[in-house]
Amino acid sequence: RFRVSKVPPPIHVESEPNDAVSNADTPALTLSEGGRSGEVLGYLRIADDTGDTFFLGTLTPGTRIAARLRAPVDSSLVPVLSIRDASGTIVQTTNPGEIEIGYLIPEGAPGAYYATVGAESGAGLFAQYLLGLDLTDTEPPMILGDTLPVEGSESTEIVDRFSLTFSE
């Protein structure tokens, strides 16, 4: 038995092996107002015990990760979605069969994050899925520092350049 999947661009197709943070796929995410988004087509083969893992990027506190799963009518997959940190530790997971997950990166926890699609049951040739990913920056950047003269002071120097330091 075999299956043929026709995938229109810009949907990314997962590759094997992508079963851990060390060999995660990096999906093509496009910029949108306030964030990035994209879709990945994949399937969980019978021997795919740990699922498919996708690198979402190095993210800052206040970034909201949202993932949703769709599957064709004949998909046998009973999914489990997870969000993992840089060490591979699960920071958020769903119950079997739930098709949406969300996670807000907390203060003090910037770093690499990953989304994983696993199977509670139904892995095999017809365990297809379409994973939608949305990364939204919920906190606008702030100016943390500058090289301008102190506010309210007078200066006789000509300022021909200056630099700013942002929170992200």
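Quick notes
- Carbon and sulfur %, accessible surface of the chain computed with the full protein complex present, 1.4 Å: 55
- Extension reserve of the Asp160-Asp74 stretch, reckoned as 0.36 nm per residue once the Cα distance is removed: 24.5 nm
- Spacing of the two label points (7 Å from each Cα toward its C-beta) at Glu107 and Ser22, in nm: 3.6
- Summarising the amide proton neighbourhood of Ser121: residues at separation of 5 or more, or on other chains, whose placed amide H is nearer than 5 Å comprise Val78.
- A 1.4 Å probe run over the protein chains yields, for the chain, 60 Å² of accessible area per residue, whole-number rounding.
- Mean Cβ neighbour count within 10 Å, used as a protection proxy, ranking 77-83, 31-37 highest first: 77-83, 31-37
- Close amide H partners of Val91, meaning residues 5 or more places away or on another chain with modelled amide H under 5 Å apart, are Ile83, Arg84, Asp85.
- Couplings 3J(HN,Hα) of the range 136-148, computed from phi: 10, 7, 8, 10, x, x, 10, 7, 9, x, 8, 10, 7 Hz, in residue order, whole Hz [Karplus 6.51 cos²θ - 1.76 cosθ + 1.60, θ = phi - 60°; x for Gly and Pro].
- About its Cα centre, the dipole of the range 1-115 is roughly 260 debye, where the only charges are +1 on Lys and Arg Cβ and -1 on Asp and Glu Cβ.
- Protection proxy ranking of 150-157, 40-47 - average other beta-carbon atoms within 10 Å, highest first: 40-47, 150-157
- Thr58-Ser153 FRET efficiency (beta carbon distance; Förster radius 35 Å; 0.05 resolution): 0.40
- One entry in [x] 0.98; [y] 1.34; [z] 0.93 is Cα Rg over 2.2 N^0.38 Å calculated from the shown coordinates; its label is [y].
- Of all the options Leu59, Leu131, Leu148, the one that moves most in a Gaussian network model of the chain with Cα springs shorter than 10 angstrom is Leu148.
The values are calculated or read from the model by the stated rules, or taken from the named source; none is laboratory data. Values in this document were obtained by computation on a predicted structure and should not be read as measured data. FYI the Cβ positions are ideal-geometry reconstructions off the backbone, even for glycines, and counts take in every protein chain you see. What goes into the accessible areas is simple: the full protein's heavy atoms, side chains included, and nothing from ligands, DNA or RNA. Shrake-Rupley method; radii C 1.70, N 1.55, O 1.52, S 1.80 Å.
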